[in-house]
Amino acid sequence: MERTMIKLYDTKLRRKVDFVPLNEGKVGMYVCGPTVYNRIHIGNARTFISFDTIRRYLMWRGYDVTFVQNVTDVDDKIIKRANEEGRTAAEVAAEYTARFIDDMHAAGVKDPDIRPKATEEIEAMQELIQELIDGGHAYAVDGDVYFAVRSYDAYGQLSGRNIDEMEGGHRELRADGQGLEDRKRDPLDFALWKAAKPGEPSWPSPWGEGRPGWHIECSAMSHKYLGLPFDIHGGGSDLVFPHHENERAQSEAAYGCTFANHWMHSGMLQINQEKMSKSLGNFMLLHEVLETTRPAALRMLMLQTHYRSPLDFSEDRLAEADAALTRIENAVKNLDWLLETAVDGEAALDGAALAARTQAAREGFGIAMDDDFNAPAALGEIFAFVGEVNAAVADRTLSASDVEAVSAARDAIVELMDVLGIAVAEEAAGSAYPVEVVALAAEIAGYAGTDAAEAVDALLVARTAARKEKNWAVADGVRDGLKALGLVVEDTPQGPRVSVVA
Ligand code: AMP
Ligand code: ZN
């Protein structure tokens with residue numbers, strides 16, 4: 001695919017900018033991964049799906065994308081969970097890392113090119129911490145190491161905060177000689193390395209046994225796997241401050257160059273206008289939602305809102321997204337059917353007009369996505385195109401000479417949906433018929449197998465035979481039975497066919 005000028009909204013600059021990769025044709029992308037102490041919820045999934053879509057689009061545009069995503073596998077929450085369950089932190093982290101990967105696969109998110117784990121990158125983090133100490137940007141106190149925020153002038157730029165306002169009520173250091181705050185030279189400083197407490201996982205270091213802070217891991221890994229600067233750093237908007245502000249401070253202070261060339265953040269998924277989060281308890285786990293919803297419908301729902309806007313989740317919206325997806329699938333199935341049953345004869349369609357419309361749909365899709373990955377607008381293009389193709393082929397038999405233009409239109413729908421991460425042709429084949437058709441076919445048509453598609457065929461054969469014999473009870477029984485399962489029978493010049501009601 002030809003490369004065009006993509007505009008993206010850069011969080012740091014607070015405006016859309018032209019995306020010019022640092023190395024022509026290549027994109028280095030880092031998106032913060034999960035802390036693995038629990039299964040992920042659909043809010044987390046929204047962020048990962050958003051960046052998966054952005055990545056897929058860049059790839060479609062011909063960029064060679066290197067996508068890095070870390071796994072935070074040592075952290076207070078993991079340790080807490082391990083203690084509660086009488087397991088080691090490593091066991092808890094290993095379990096939820098595996099579940100996270102399962103969940104991402106189930107949601108149709110591509111694997112990152114590199115998925116570093118914090119516990120396997122301790123050396124890189126220690127090197128970076130040492131660099132910061134040597135440069136006067138960090139200091140060790142009693143086994144902890146802190147980043148000296150005021151040693152980095154640009155602190156606050158990413159999140160648009162003023163360092164003096166940030167300090168606020170923290171000016172007083174605690175006087176009891178105990179807390180973390182006392183060890184810091186400035187209340188704004190944050191931990192790069194934490195001295196080990198009894199029973200916690202720890203690693204030897206020049207500053208004593210301990211474990212890394214959270215922010216340092218992304219700075220170390222992005223440097224190691226992408227090199228600085230790299231093109232795009234992403235994550236949910238809740239990570240802008242302090243996580244990304246701190247990552248940037250660490251990296252730029254240590255290496256003296258730009259960290260990420262662009263910052264991108266996705267909006268929060270909400271329930272009743274409140275951010276979905278584990279701490280609020282209003283979360284729905286992804287794998288539970290996927291027990292009753294096909295992943296493509298959830299993705300469709302996510303795509304219908306721009307990645308930067310808040311997304312209000314509801315079961316109703318999910319059902320609507322499923323129906324919208326079914327409309328596209330039905331169009332593809334219809335075109336497949338027409339293509340399979342084409343007959344000899346003069347062109348019945350205006351092939352040149354359809355080819356031009358197909359090209360316009362591709363362009364419209366690209367224009368929408370080039371504008372800060374506007375997937376809802378891109379979907380709008382696909383829907384408009386599907387509507388026009390449906391109208392062009394309605395009530396027609398295809399002639400052999402129409403096949404090329406129709407098949408290009410069909411392929412465009414499939415390809416563009418694929419860029420958005422939805423495999424429509426497979427969805428259409430796999431999810432078309434509910435399993436209950438098997439029982440219906442057993443009852444009416446004596447079908448003895450277990451395959452839903454075969455069962456539908458058996459029902460149609462029985463219906464055709466019944467109609468020949470004017471056995472309306474059986475013929476209507478097939479139609480009504482299918483209707484009750486959300487399927488409609490249509491009679492076409494090529495014979496009867498069944499489609500899912502959108
Ligand atoms: P965490 O494991 O909490 O670090 O979160 C992993 C990713 O999910 C981060 O990129 C967060 O920004 C993102 N995230 C957390 N909650 C939500 C939400 N409600 N909507 C969208 N993204 C979220
Ligand atoms: Zn990070």
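Taking a straight line from the alpha carbon of residue 468, these aspartates and glutamates sit under 19 Å away, with near neighbours fewer than eight places off in the same chain left out: 457, 476, 480, 490, 491. Relative intensity of the chain on a log10 scale, I(q)/I(0) at q = 0.09, 0.13 Å⁻¹, equals -0.74, -1.23, per a Debye sum over C-alpha point scatterers of equal strength in the absence of solvent. Accessible surface area normalised per residue over the chain is 44 Å², counting heavy atoms of protein chains with a 1.4 Å rolling probe.
If you line up the long axis of helix 315-340 against the longest principal axis of the chain, both from Cα atoms, how many degrees apart are they, to the nearest 10? Value to nearest ten degrees: 50.
With just the Cα atoms defining each centre, how far is the range 327-353 from the range 137-159? Give it in Å. Using only Cα atoms to place each centre, the spacing works out to 64 Å. Only protein atoms count toward the accessible area here, which uses a 1.4 Å probe; on the chain, the carbon and sulfur part of that area reaches 49 percent.
The distance linking the range 228-264 with the range 12-86 is 13 Å (Cα centroid to Cα centroid, whole angstrom).
Helix 351-370 versus the longest principal axis of the chain: what angle, 0 to 90°, nearest 10, using Cα atoms? The two axes meet at around 20 degrees. Evaluating 6.51 cos²θ - 1.76 cosθ + 1.60 at θ = phi - 60° for every residue in the range 376-381, the Karplus couplings come out as x, 5, 5, 5, x, 4 Hz, glycine and proline recorded as x. Across the range 474-488, rounded Karplus estimates of 3J(HN,Hα) from the backbone phi angles (6.51 cos²θ - 1.76 cosθ + 1.60, θ = phi - 60°) give 6, 4, 5, x, 5, 4, 5, x, 5, 4, 4, 9, x, 10, 10 Hz, Gly and Pro being marked x.
Given only helices, namely DSSP H runs of n ≥ 4 each adding -39500 (n - 2.57), what is the per-residue ellipticity at 222 nm of the chain, to the nearest 500 deg cm²/dmol?
The per-residue figure over the chain is -15000 deg cm²/dmol.
Bridges between two residues of the chain, per DSSP, are antiparallel at a rate of about 55%.
Taking each of 77/275; 194/278; 197/278 in turn, the alpha-carbon distance tops 23 angstrom for 194/278; 197/278.
The values are calculated or read from the model by the stated rules, or taken from the named source; none is laboratory data. None of these values were measured; they are calculated from a predicted model. Ligands, DNA and RNA are excluded from the accessible area calculation, which covers all protein heavy atoms including side chains. Shrake-Rupley method; radii C 1.70, N 1.55, O 1.52, S 1.80 Å.
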